[in-house]
Amino acid sequence: MPVDPSVIGKQLPPTTSTIEAGRLRFFAEAIGETNPVFTDLEAARAAGHADLPVPPTFLFGIELENPDSFAWLADLGVDLRRVLHGEQSFTYHSTAVAGDVLTATPTIGNVYSKKGGALQFIEKTSKVTRANGDLVAELKSIIVVRNPEAGK
């Protein structure tokens, strides 16, 4: 079932998370990050950070902390068995560090189809802000939904 383009602009529930140093170290190690600035507080401070900085791509994980982080897709009528990860991109405005309280506020930015409707694309944009409202980053992810019924 195709996603109705009228959902473009729909704001999804925000997620707030306190960024913990242990989690940042674990994430840095999991992605193979070897720069000690992401795992060693002294190295981070020597590089001018107040605490351990958030490693690249970490911010996408904030929204995954929701109890059902893909409920928004199910609410759109998307069969999760047909979902593929398409793309993700980041625009950073400042560096987040351990101890920051961050909120990710997602919005459906676009919905479009290709290949005669066999592939539908859902673009989700998220603004990540600190508790004081300062913008940390803008995230974009594209979810691809396969529609094997198209063209039959």
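Screening the range 3-17 for residues that are touching a residue at least 24 places away in the same chain (Cβ under 8 Å) and in a helix (DSSP H, G or I) and picking the one that is surrounded by the fewest Cβ atoms within 10 Å (Cβ to Cβ) gives Pro5.
Looking across the range 45-58, the residues that are assigned to a helix (DSSP H, G or I) and over 14 Å from Glu20 (Cβ atoms) come down to Arg45, Ala46. Of everything in the range 51-108 that is exposed (fewer than 15 other Cβ atoms within 10 Å of the Cβ), in contact with a Leu (Cβ under 7 Å, 6 or more places away or on another chain) and without any contact (Cβ under 8 Å) to a residue 40 or more places away in the chain, the residue that is nearest to Val145 (Cα to Cα) is Leu80.
The numbers here are math on the coordinates, done by the rules we state, and not lab data. The structure displayed is predicted, hence computed values, not measured ones. Backbone-built Cβ (ideal geometry, glycine too); neighbour counts: all protein chains shown.
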